[in-house]
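Asker: Okay, handing you the structure first.
The values are calculated or read from the model by the stated rules, or taken from the named source; none is laboratory data. Nothing here was measured: the structure is a model prediction, and the numbers come from that model. Here Cβ is always computed from backbone atoms with ideal geometry, including for glycine, and neighbour counts include all displayed protein chains. All accessible areas refer to the heavy atoms of the entire protein, side chains included, with ligands and DNA or RNA removed. Shrake-Rupley method; radii C 1.70, N 1.55, O 1.52, S 1.80 Å.
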Amino acid sequence: MERIEKAITSLQRMQGSGPESGLHPLCLFVITVAYLVAMLSVPVSAFTMLLWFALYPVVMAALTGLDFTRIFTGSLIALPFALLIGLFNPIYQTRTALRVGSLAISEGWISYLSIILRSMLSVQALLVLVSGKGFTGLCRSLESVGMPRLLSTQLLMVYRYLTVLLQEAVDMTRARRARGYGRRHLSMKMWGAFCGQLFLRTVARAEAVNRAMLARGFDGRMPRYQPVRQRWTLRDTLTLGASLACFALLRFVDISRIFTHLL
Amino acid sequence: MHMSDALLSAPVAIAADVAAAGLLVAAALRLKKESRENMVPLMGVMGAFVFAAQMVNFAIPGTGSSGHIVGGVLLAALLGPWAGFLTLASVLIIQCLVFADGGLMALGCNIINMGAMTALVAYPLFFKPLLRFPASGWKVMGVSVLACTLGLELGACMVTLETALSGITALPAGKFFLLMTGIHLAIGVGEGIATGAVLLFVQRSRPALLMPDSARSQGKKGMRGPVIAFAVAALAIAGGLAFLASSAPDGLEWSIERITGSADLAATHVSALSTGAAAAQEATSIMPDYDNSFAGIVGAVMVLILVWGLTAALSRRRRKPATRPIE
C-alpha cells in the first residue's frame, strides 16, 4: 500500500515540474548522456578523478533552480544495491593502493568507494534531467530526434494512465485490507483474483478510452498540449559546448594531480 | 534484476543501449506493418496495469516475505510478443525516468534482460508453442512457470555477461553467475505461478481476451524473428561466458594460486578415484580436448536444436485436431 501511495506522490511531484524555463529538454538530455558516458568511463581505480564529476549535479541543480538536497536524498535509493555488489571488491582486491600515515588502504576499498560514487552520481544526473524537464518534455524532445512515434505515444499513454490505475489499485487494496482481518500480504490465489480483477477493469477502461479517442479523431498520435514549443537558443548551444568541454577536461586530465603538484 | 549504471562500463552500456533501441524500433515498425497501431490505447493502459500490479505484493509461502510480478510473459500472452515487449520496455523507461529505478545508461541492458528475454525469447519458444487457450489449470500453471523461469534465467545470464564484460565488480564471473541464476530460479517460479494465476482468472472471466486474433495470425512466420534473436543471444552468452571462464581465474583458482603459488594443485595430491573419473569423462565426452569458447557455442547450438525440436514436435501434436476441416 505504502509503495503505491509513494509512487502516486512521485508522479504528482513529477507532473508539477515542466519545461517552463531554462535549457531546451534535448540540450539537457544530450548533456546528461555525455556526462554519464564520461563519468562511467573513468576507471574504478581512479577515485580522485571520479570525485570531480560530483560537481556536475550540484552545479546543474543550481543552474536549473532545483533543490540539490532533494536530488541527493533521491540518489540514496539506489545505494543498497551498489553497497551489496561492490562489497566483493575489498574481499577480492587486497593489494595496497595507498597509505595514509600507518593505515594501508587496499585497491578493493578504492574501487568500492568508486562504485558507490558512480551509483549516486548517475542517479543524481538522472534526477536533475527529469526533475528539470518533466517526462512529457523529454518524450517530445526524443520524438523530434527520431524516436518512433508509436513508442513516444505508448510512453505518454502509460504515463498518463499510471495515476489512474495506481489509484484503482489503491482503492482495491484498501477494500481488501478492510476485509482482510489483519493479513498483510495476499495469498497467491487471492493475488491472482485481485490482479485479474484489476486487469478486467483495465481492459474496460482501455476500451472506453479507445472509443473516446477515436470519437475525437485520434490518428495514432498523442496531440500536443503544450501551447508554446520551446525553441533551441544560443544559450543551449553555448551550455552544451561548455559542458562537453568540461567533461572532456575532467575525463582526460587528472585535476587532483595538478593540485598535488601546486601544493 | 534492475541493472545499475554503477556496475556497467561505458562501452557495454552504449552497446546495450544501441541494441535495445534497435529492438524498440523493430517492434514499432512491426506493429505499424501489421496495422496494429490501434492497439496503442490498450498497450498504454496495459503498461499502467503491469506497473500497478508490480506494486501489489503477494506472500511467498513459508518465508514471511513477499514478492511482485515482472510481467514480461504475461504481457506477451495478452498482447502478443512484440506489443508485449514494447509495453514492458515503456514500463521500464518510466521506472527509470520517473522513479530512478535502474540507471539511464543501464536502460538498454534492462530492456534486453527483462523485456526481450521474456517477451521475445521465452514467450515464443516456451509458452506459445506449448499452450493454447482454453487449457486446464495445471497446464496453464506448468507452462507459465516454465516460460517465466527460463525467461528470467536468460535475463540473469545476460546480467552476468554484461557485468563481467564491464569488469567493475571484482566478484568472479562464475560465482556471480551461480548467485544470479540461483536467485532467479526461485523468482522465476514465483513469477510463473503469479502469471498463471492471472491468466487462469482471465480465462474463467473473459476467455475472449486470451485469444487475440493477432497472436494466432502471426503463426510460424512470427516466430522466426524471436527464434533468431534467441539463437544470437544464446551464442553470445555461451561464447562470452566460456571466454570469461577461460580467461579470468575464478575465486577458487585465485585462492589456490595465493596459497600454493601455482594455479594447479600438485599432481601428487590427485587421487586414484579422480584419475579414474577423469579417464571415464575423457572416454565418454564428445569433445574431449576442446577450446572453451568453441565448446560453449557448440553446447548452446545443441541445446537450441533440442529445444526447437521438442517444441516443434509438441506443437505439431497439439495442432493436429485443429487442422481438421470445419464442416
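Asker: Using a probe of 1.4 angstrom, how much of the accessible area of segment A:148-226 is carbon and sulfur, in percent? The partial results should precede the final answer.
Answerer: Values: 2220 of 4150 Å².
Ligands and nucleic acids excluded, carbon and sulfur give 53 percent.
Asker: Something else: Helix by helix through chain A, keep the DSSP H runs that span 15 Å or more along the axis on Cα and average at least 1.6 on Kyte-Doolittle, and give those back in order.
Answerer: Working: long enough: A:2-16 (21 Å, -0.82); A:25-40 (22 Å, 2.47); A:107-144 (45 Å, 0.84); A:149-178 (43 Å, 0.21); A:188-215 (40 Å, 0.50); A:234-252 (27 Å, 1.12).
Qualifying helices: A:25-40.
Asker: Now for a different question. Return the Rg/Rh ratio of segment B:10-166 with Cα-based radii and a Kirkwood Rh.
Answerer: Details: Rg = 15.8 Å, Rh = 16.3 Å.
For segment B:10-166, the value is 0.97.
Asker: Sticking with this structure for a sec: What is the interface area between chains A and B, defined as buried accessible area summed over both chains with a 1.4 Å probe, reported in Å² to the nearest 100?
Answerer: Numbers: alone 16830 and 17820 Å², together 28320 Å².
For chain A against chain B, roughly 6300 Å² becomes buried.
Asker: Choose one of A:Y161, A:T173, A:C195: the residue whose Cα lies farthest towards the positive end of the charge dipole of segment A:148-226 (beta-carbon charges +1 Lys, Arg; -1 Asp, Glu; about the Cα centre).
Answerer: Positive-end residue among those listed: A:T173.
Asker: Once the Cβ-Cβ distance between B:S205 and A:D67 is put in as r, and R0 is 51 Å, what FRET efficiency do you end up with, to the nearest 0.05? Before the final figure, lay out the partial values.
Answerer: Details: r = 47 Å, r/R0 = 0.92.
Taking R0 as 51 Å, the efficiency between B:S205 and A:D67 is 0.60.
Asker: Taking a probe of 1.4 angstrom, what is the accessible area of A:R174 in Å², to the nearest 10?
Answerer: A:R174 exposes around 120 Å² with every protein chain in place.
Asker: What FRET efficiency do you get for A:L238 and A:V33 if R0 is 22 Å and r is their Cβ-Cβ distance, rounded to the nearest 0.05? The partial results should precede the final answer.
Answerer: Working: r = 18 Å, r/R0 = 0.83.
It comes to 0.75.
Asker: Using only DSSP helix segments of four residues or longer, with each worth -39500 (n - 2.57), what per-residue ellipticity at 222 nm results for chain A after dividing by its residue count and rounding to 500?
Answerer: Values: 12 runs with 189 residues, N = 263.
One gets -24000 deg cm²/dmol as the mean residue ellipticity at 222 nm.
Asker: Given an 8 Å cut-off on Cα distances and at least 6 residues of separation, report the relative contact order of chain A as a percent. Mind dumping the intermediate values first?
Answerer: Numbers: 211 pairs, mean separation 83.8, N = 263.
Reported as a whole number, the value is 32 percent.
Asker: Roll a 1.4 Å probe over the protein chains and send me the accessible area per residue for segment A:148-226 in Å². Walk me through the intermediate numbers first.
Answerer: Working: 4150 Å² over 79 residues.
Ligands and nucleic acids excluded, the result is 53 Å² per residue.
Asker: Would you mind checking segment B:162-183 for residues with the amide N under 19 Å from a putative spin-label position 7 Å along Cα→C-beta of A:I91?
Answerer: From segment B:162-183, the list is B:163-165, B:167-183.
Asker: Now, a different point. Using a 7 Å offset from the Cα along the Cα-to-Cβ direction at both B:W138 and A:I255, what is the distance between the two label points in nm, to one decimal?
Answerer: It is 6.8 nm.
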